Amino acid sequence: MMVRDCLYLNWALPLEILPAPPAPLRYQLHAWEGRDWVFASALLFHQDAIRFSALPLFQVSFPQLNLRLHVVDADGVPSVLFRRMLMPGWMAPGVRLMGHQPASSARLRFPRPSVDLGDGPWRWRVERGGALDIRAWRDGSAIPSPITGPRLGSWEETVRYFQIRPRGYAENNGGPARRVEMKRPAAQVWPLRAEIDGEACLPQWFRLPGLPGLPAKGLQWPALHSAWLCPEVPFVFDLAPAPREMTMSRGMPQPAAGRVVEAWRTKAALRSLRTMRTSCEDDSSGEGRPGLVLASAA
């Protein structure tokens, strides 16, 4: 897959408004102003020339808004938890069915900054039960981020924090979690300044039960932490069920088939030992022959 004109928008959200992530994932927490915070990102991009290994001649392209939270998995690998993927209505059912991803339909109008020579501004618009409008332009002075939220180090370290995440996890309608393994090279990054209108849509799109009715309660979506654009990013990814962890307690009974096989092996070993002991006892010399010791493995 080739991702083009990928706009990154990042926010820091307080831990208490977030639902618990599916096990065994855990949020990657950052302390700031006496509270724990979790980073959330919205990625707006064109998915161009998606190819499937089983259908090498088939490819498809479409825009997408990808909403994610930043987590760590059971192996300690920095990962993302996909909350929702908004895309054209003709594509969403196939992604839900074939990829088991949380895809929903929306109307998306995205620019092509890598084709439009200049520094912008460019405009993005997403419509689903409301409208999100984004206006962004290139601005080198945006590098000393963050604007609001925990600091992640230098500009380069901030970009790596969000981009270098080789695994993604998703739940689709409460089904088993799916894991996406991703490989991609380092990509060019343009620092941006961004203005957003319609943030009231974001709690619903992120599926955050802690922020229902954002305008009615007088709450405000936080200011941007950082923003940038990647003109082009090649991806290779693999979809698979997320591995399940199983904890076996000491003394857990074995399956019936296992008990039968183990019993057969025990009887065969005892028969062999009796034969050896009989052979030793029948030996007329009996001198210099080592004794046979039976030990039980605890």
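Using the beta-carbon distance between SER61 and LEU117 and R0 = 25 Å, what value does 1/(1 + (r/R0)^6) give for FRET efficiency, to the nearest 0.05?
That pair, SER61 with LEU117, gives E of 0.70.
Which net charge results for the neighbourhood of VAL95, defined as the other residues with beta-carbon distances under 13 angstrom from its beta-carbon, given Lys and Arg at +1 and Asp and Glu at -1?
Here the charged neighbours net out to +3.
Taking 0.36 nm per residue of separation and subtracting the Cα-Cα distance, what length does fully extending ARG96 through SER141 add?
Here the answer is 12.2 nm.
Starting from the Cα of GLU157, step 7 Å along the direction of its Cβ; do the same at ALA74; then give the gap between the two resulting points in nm.
3.2
Restricting to Cα pairs below 8 Å that are 6+ residues apart, what does the relative contact order work out to for the range 64-194? Please round to a whole percent.
23
Compute the FRET efficiency between ARG109 and ALA187 as 1/(1 + (r/R0)^6), taking r as their Cβ-Cβ distance and R0 = 30 Å, and round to the nearest 0.05.
The formula returns an efficiency of 0.80 here.
Amide H neighbours of VAL80 under 5 Å, at least 5 residues apart or on other chains, H built in the peptide plane: list them.
Those lying under 5 Å, H to H, from VAL80 are VAL71, ARG167, GLY168, TYR169.
Under a Cβ-Cβ cut-off of 10 Å, what is the net charge of the residues other than TRP122 that fall near it, where Lys and Arg count +1 and Asp and Glu count -1?
Here the count lands on +1.
Starting from 0.36 nm per residue, how many nanometres of slack lie between ALA223 and ALA23 once their C-alpha separation is accounted for?
In short, 69.0 nm is gained.
Since every read-out is calculated from the coordinates, none of them should be taken as a lab result. Quantities reported herein were computed from a predicted structural model and do not represent experimental measurements. FYI the Cβ positions are ideal-geometry reconstructions off the backbone, even for glycines, and counts take in every protein chain you see.
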